[in-house]
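Engineer: Sending over a structure as structure tokens; questions will come in a sec.
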Amino acid sequence: MQDQLTPELVFRDPYVLDFLGLKDRYLEKDLEDAILRELEAFLLELGAGFAFVARQRHIQIDNDDFYIDLLFYHRSLHRLIAIDLKLGNFKAEYKGQMGLYLRWLDKYERQQGEDSPLGIILCAGKKQEQIELLELNLSGIHVAEYLTELPSREMLVEKLHRAIKVARARLEAYNN
């Protein structure tokens, strides 16, 4: 097995954003403003290697305006990472939006020596079966939950057991 850093090893799920100080009700813009205000803490939560590139990166396609919420570069992966912030649960339509952003970044922003951009859709909740059926892992799109307060011990134990189960299944698939 080769020691190579992969997006699966870099991206987390969930991201704990309790340091943003958001309460029960907030808008997507409030979330983005809080992230930028606490950029250093957000970068630490993302993990090593992320570098901030832009906020609300404007792109224009066929005279339509689009805005990528947050754009980062990952030094070890040698790729741009687009982050789309969503307040509610994941919806299937988010794949199309992120796919459009990634194709645009690949065509107009990717520099020589870089790999194709990846996307993170950061949602308040995930719909696991939708994510699996959409085969987001094959399209360079990662969906992760964010938590605005520390999770309970029970939730942490559940997520740990789920992560162990997934890791074992991947290891078994790799060995076969």
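Engineer: For a quick check of your reading of the model, give me the residue pairs whose first member lies in segment 48-60 and is on the phi > 0 side of the Ramachandran plot, whose second is of a type outside the set (Phe, Trp, Tyr), with beta-carbon atoms closer than 6 Å and at least 6 apart or on different chains.
Structural biologist: Short answer, once both residue conditions are applied: GLY49/HIS74; GLY49/ARG75; GLY49/SER76.
Engineer: Taking the condition of being assigned to a loop (DSSP other than H, G, I, E, B), in contact (Cβ under 8 Å) with a residue 40 or more places away in the chain and of a type in the set (A, V, I, L, M, F, W, C), how many residues in segment 81-136 meet it?
Structural biologist: Residues that pass the stated criteria total 4.
Engineer: Give the residues of segment 137-176 that are part of a helix (DSSP H, G or I) and of a type in the set (S, T, N, Q), sorted by residue number.
Structural biologist: ASN137, ASN175
Engineer: Now, a different point. Checking ARG103 against (1) modelled with pLDDT under 95; (2) out of contact with any Gly (no Cβ under 7 Å at 6 or more places or on another chain), which test does it fail?
Structural biologist: All conditions are met except number (1).
The values are calculated or read from the model by the stated rules, or taken from the named source; none is laboratory data. Keep in mind that this is a model prediction, so the values were computed, not measured. No Cβ is skipped: glycine too gets one built from the backbone with ideal geometry, and neighbour counts run over all protein chains shown.
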